[in-house]
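The values are calculated or read from the model by the stated rules, or taken from the named source; none is laboratory data. Since this is a predicted model, take the numbers as computed values, not measurements. Virtual Cβ from ideal backbone geometry, glycine too; neighbours counted across all protein chains shown.
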Amino acid sequence: MTTSYTSPLSERYASKEMKYIFSPEKKFRTWRQLWIALAEAEKELGLEITDEQISQLKEHALDINFDEAKAREAQVRHDVMSHVYAYGLQCPAAKGIIHLGATSCYVGDNTDIILMTEGLRLIRNKLINVIAGLADFARDNADLPCLAFTHYQAAQPTTVGKRATLWLNELILDLEDLDHVLGTMKLLGSKGTTGTQASFLELFEGDHEKCKALDQKIAHKMGFDSCYPVSGQTYSRKVDSRVLNILSGIAQSAHKFSNDIRLLQHMKEIEEPFEKHQIGSSAMAYKRNPMRSERIASLANYVMIDALNPAITASTQWFERTLDDSANKRISVCEAFLATDAILELYINVTQGLVVYPKVITAHLMAELPFMATENIMMDAVKAGGDRQELHERIRVHSMAAGKTVKEQGLPNDLLDRIAEDPAFHITKEALQKVMKPENYIGRSKEQTMEFLDGVIKPILSENSEILGLSSDIKV
């Protein structure tokens, strides 16, 4: 048991893959890869850097001497220069060319971009798997009629599958936004202390083309197409805001899903997974609390609010750089990724174990269906010679009376009995019951569901088939 604070995002919620992306080891290994890319690019552009120096840097790219770096930082109070020093101890031949011409943001900012890009790719993989799970659920329940709600009041029926397409549609919007931002991520490159590349222009003896080529070479070596064409000392903090807005969008969609599942579980129509030995309440042993959906909502609230951090940071930067972003970035960016990762882990888990109770769904629908069938009943009565205006008024009176019976006396809906007993309608109870077929009132729900799944979802899943099949076991 530790006596020091640890983040619940690390201890309880996020996956080991996402935690590693934002771990110190990953960060400092990326720094060393960037120093190798810089040295290689500078050598290729004519600076006096030897193969031996490059080889030595590569030899120690992964075995970071953290103790030496930590001890040095305690003396100089500068994390980048501490790691330059520690790397130099391992690579004496290359000591003099490590970080040549660069400023701290060369490793710090480029690493941030690299880690966010890797984080977005992992988020994308999990988002695709959520979409796949929901698509299966929607297809399985495409034609299962259920009561729909507007204002959380009973409305015209839909199907369980059609409702699931509403959740899916929001995730598709998130995927489109994610793919756009992911496709436009660029490195900072090697811009120098105020973004002018003055130090590199000096190194290359005034050769502007070599300065431009340096950025391009570094980008390619690190797996990017290009660098941002202009910057101050840092890449624009607007990038962080764009990225966290993507995570916030996913959180919004997940929250909406979790709300619907909790309401459905209250009605006993659909339940999230509940394990054999799971305890729902410390006091009420019979309870099956929707813990997973509640946790999705809780983490989603955090992510949505956290997205304000880089927005405020981006809006208050001064000129070419200030350092009031640093402490905030260290917390807000990585924790937004960890929390969103945890949300998607839960989302995958829930979609893979949703339990549907068709008989309860049908019972709720049938209790309200007489009200919804009144338009059809009235039209049939008009065809039989009735007066439309008179019939409309009679249905209104009968509906109000039936509703009062249900709400004030707790009795079943007797609207059909009232209509059958009214001679103005010329219809029997048996004939009315034949009209009470839910499938007659769901419109194009089934067709819309299948068209959406086949036309929108199926191509996405086909294009991403190699990343499908993720499963999720939540920790607590």
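Restricting to region 456-475, count the residues that are within 26 Å of ARG292 (Cβ to Cβ) and either of a type in the set (Asp, Glu) or not in a helix (DSSP H, G or I) (or both).
Residues flagged as within 26 Å of ARG292 (Cβ to Cβ) and either of a type in the set (Asp, Glu) or not in a helix (DSSP H, G or I) (or both) within region 456-475 amount to 9.
In contact (Cβ under 8 Å) with a residue 24 or more places away in the chain, within 16 Å of GLU335 (Cβ to Cβ), under 34 Å from the mean Cα position of the chain (by Cα) and surrounded by 16 or more Cβ atoms within 10 Å (Cβ to Cβ): is that true of SER15 in this structure?
yes
Counting only residues that are touching a residue at least 12 places away in the same chain (Cβ under 8 Å) and within 13 Å of THR374 (Cα to Cα), how many does region 392-412 have?
Number satisfying all stated conditions: 6.
Check region 430-444 and report whether any residue there is more than 20 Å from LEU144 (Cβ to Cβ) and among the charged types (D, E, K, R).
Within region 430-444, one or more residues are more than 20 Å from LEU144 (Cβ to Cβ) and among the charged types (D, E, K, R).
Checking LYS359 against (1) charged (D, E, K, R); (2) surrounded by 14 or more Cβ atoms within 10 Å (Cβ to Cβ); (3) part of a helix (DSSP H, G or I): exactly one of these is not met. Which one?
Among (1) charged (D, E, K, R); (2) surrounded by 14 or more Cβ atoms within 10 Å (Cβ to Cβ); (3) part of a helix (DSSP H, G or I), the lone unmet condition for LYS359 is (2).
Any idea which residue in region 238-276 is farthest from LEU175 (Cα to Cα), counting only those that are assigned to a loop (DSSP other than H, G, I, E, B) and hydrophobic (A, V, I, L, M, F, W, C)?
In this case the residue turns out to be MET267.
Suppose we keep only residues that are within 41 Å of the chain's Cα centre (by Cα) and charged (D, E, K, R) within region 31-43. Which one would you say is surrounded by the most Cβ atoms within 10 Å (Cβ to Cβ)?
GLU42
Condition (residue is touching a Pro at 6+ places or on another chain (Cβ under 9 Å), under 30 Å from MET267 (Cβ atoms) and either at pLDDT 95 or above or outside the structural domain of ALA251 (by TED's automatic domain parsing) (or both)) applied to region 64-71: is it met by at least one residue?
Within region 64-71, not a single residue is touching a Pro at 6+ places or on another chain (Cβ under 9 Å), under 30 Å from MET267 (Cβ atoms) and either at pLDDT 95 or above or outside the structural domain of ALA251 (by TED's automatic domain parsing) (or both).
Which of the following residues is buried (at least 17 other Cβ atoms within 10 Å of the Cβ) and among the small types (Gly, Ala, Ser): GLY223, GLY249, GLY183?
Matching residue, one of GLY223, GLY249, GLY183: GLY249.
Looking only at region 180-234, count every residue that is closer than 23 Å to LYS27 by Cα and in a helix (DSSP H, G or I) and tell me the total.
Of the residues in that region, 11 qualify.
Please specify each residue of region 21-49 satisfying the condition of being in a loop (DSSP other than H, G, I, E, B) and among the charged types (D, E, K, R).
GLU48
I need the full set of residues from region 147-165 which are outside any strand (DSSP E or B) and either among the acidic types (Asp, Glu) or surrounded by 14 or more Cβ atoms within 10 Å (Cβ to Cβ) (or both), in order please.
VAL160, GLY161, LYS162, ARG163, ALA164, THR165
Name every residue in region 226-245 that is touching a strand residue (DSSP E or B) at 6+ places or on another chain (Cβ under 9 Å), surrounded by 22 or more Cβ atoms within 10 Å (Cβ to Cβ) and of a type outside the set (Phe, Trp, Tyr), in order of residue number.
CYS227
Which of the residues that make up region 326-340 are of a type in the set (Val, Ile, Thr) and exposed (fewer than 15 other Cβ atoms within 10 Å of the Cβ)?
Once the filter is applied, which keeps residues that are of a type in the set (Val, Ile, Thr) and exposed (fewer than 15 other Cβ atoms within 10 Å of the Cβ), region 326-340 yields only ILE331.
Taking region 295-331, which residues are of a type in the set (Asp, Glu) and free of Cβ contacts under 8 Å to residues at least 12 places away in the same chain?
Once the filter is applied, which keeps residues that are of a type in the set (Asp, Glu) and free of Cβ contacts under 8 Å to residues at least 12 places away in the same chain, region 295-331 yields only ASP324.
Rundown of residues vs (1) part of a helix (DSSP H, G or I); (2) closer than 22 Å to ALA154 by Cβ, yes/no style:
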| residue | (1), (2) |
| --- | --- |
| ASN376 | yes, yes |
| VAL382 | yes, no |
| PRO412 | no, yes |
| ASN440 | yes, yes |
| GLN448 | yes, yes |
